[in-house]
Amino acid sequence: MKKFEEKTIHTEKIYEGKVINLQVDEVTLPNGKTSKRELIKHPGAVAIIPITKGNKIVFVEQYRKPLEKSLVEIPAGKLEPGEQPEVTAIRELEEETGYTTDADSLEFVASFYTSPGFADEIMHLYLTKDIVPLENKRSGDDDEFVELIELTLEEAKDYVNEQRIHDAKTNYAILYLEMLERM
């Protein structure tokens, strides 16, 4: 038995969407009582830290409806069924930035859960320092509008302080780059 395991008694599927599914599980708690858990099921995602030859980080600015504001973020996107994270990383880099890289240039950084209190989404983070502009830019999602921003690490830290960069994956990426710089 897993420590503090909650056994599922019943699952009620509430919504099945393009990006997420929502369900409510009735569970037995470790003390024998029951409770309900609202869960988001997500296929997983990949984010990439792209660094230019001029040592700038490539970000995208996009509007985030749940927050009702624009954020500056590293490129990222949802894993497609059966897709390897490295493939997703390159696809998202190409679609969102117009840059590309090859799989041999990808450095795995970490995988982490984005919101384990209610979602099973796992984010895989990669770094590449070998990006080149695409000759023929790939089109992204029809409902995605982004603007490229290239920043030094110091400028990115300023964006964090101004809350223009305000999401977990991008903050993680900046902390990681700062750690590398100190080594």
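The values are calculated or read from the model by the stated rules, or taken from the named source; none is laboratory data. Because the structure is predicted, anything quoted here is derived from the model rather than measured. In this analysis, Cβ positions are derived from the backbone assuming ideal geometry, glycine residues included, and neighbour counts consider all displayed protein chains. The protein model used for the area step is the full one, side chains on, heavy atoms only, and it has no ligands, DNA or RNA in it. Shrake-Rupley method; radii C 1.70, N 1.55, O 1.52, S 1.80 Å.
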Can you give the relative contact order of the range 40-183 as a percent, counting alpha carbon pairs under 8 Å and 6+ residues apart? 32
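So, for the chain, what is the accessible surface per residue at a probe of 1.4 Å, expressed in square angstrom? Each step should come with its number before you reach the end.
Values: 11180 Å² over 183 residues.
In whole numbers, the chain has 61 Å² accessible per residue.
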Beta bridge orientation in the chain: antiparallel %, DSSP, nearest 5: 85
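How would the range 102-141 be classified by its alpha-carbon gyration tensor: rounded, prolate or oblate, with rounded meaning a/c under 1.5 and the a/b versus b/c comparison settling the rest?
Taking the square roots of the gyration eigenvalues as a ≥ b ≥ c, the range 102-141 is oblate.
Would you please classify the overall shape of the range 55-179 from the alpha carbon gyration tensor, given that a ≥ b ≥ c denote the square roots of the eigenvalues, rounded means a/c under 1.5, and beyond that prolate means a/b larger than b/c while oblate covers the rest?
rounded
Do the alpha carbons of any pairs in K18/K157; K137/K169; K36/K78; K18/K65; K41/K65 sit beyond 22 Å of each other, and which pairs?
Details: K18/K157 33 Å; K137/K169 25 Å; K36/K78 27 Å; K18/K65 16 Å; K41/K65 20 Å.
Pairs exceeding 22 Å: K18/K157; K137/K169; K36/K78.
Ignoring ligands, DNA and RNA, please state the percent of accessible area on the chain from carbon and sulfur, probe 1.4 Å. Walk me through the numbers on the way to the answer.
Values: 5710 of 11180 Å².
Carbon-and-sulfur percentage of accessible area, whole number: 51.
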Can you compute log10 of I(q)/I(0) for the range 13-53 with the Debye formula, treating each Cα as one identical point scatterer, at q = 0.21, 0.32 Å⁻¹? -0.75, -1.04
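At a Förster distance of 35 Å, what's the computed FRET efficiency of D142 paired with K33, Cβ-Cβ distance as r, to 0.05?
Numbers: r = 47 Å, r/R0 = 1.34.
Plugging the Cβ-Cβ distance into 1/(1 + (r/R0)^6) gives 0.15.
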Of T8, Y99, M179, whose Cα points farthest to the positive end of the dipole of the chain (charges on the beta-carbon: +1 Lys, Arg; -1 Asp, Glu; origin at the Cα centre)? T8
Near K13, which aspartates and glutamates are there with a Cα under 16 Å away, not counting those fewer than 8 places off in the same chain? D25, E26, E38, D120
Report P(r) for the range 1-132: all Cα-Cα distances, bin width 5 Å, range 0 to the bin holding the largest distance, values in whole percent. 2, 9, 15, 18, 16, 12, 10, 8, 6, 3, 1, 0
Calculate the spin-label point distance for Y63 paired with E181, positioning each point 7 Å from the Cα along the beta-carbon direction, and give it in nanometres. 3.2
One finds the C-alpha centres of the range 111-162 and the range 13-60 to be spaced, in Å, by 17
Per-residue ³J(HN,Hα) for the range 104-110, Karplus 6.51 cos²θ - 1.76 cosθ + 1.60, θ = phi - 60°, Hz, x for Gly and Pro: 5, 8, 7, 10, 5, 9, 5
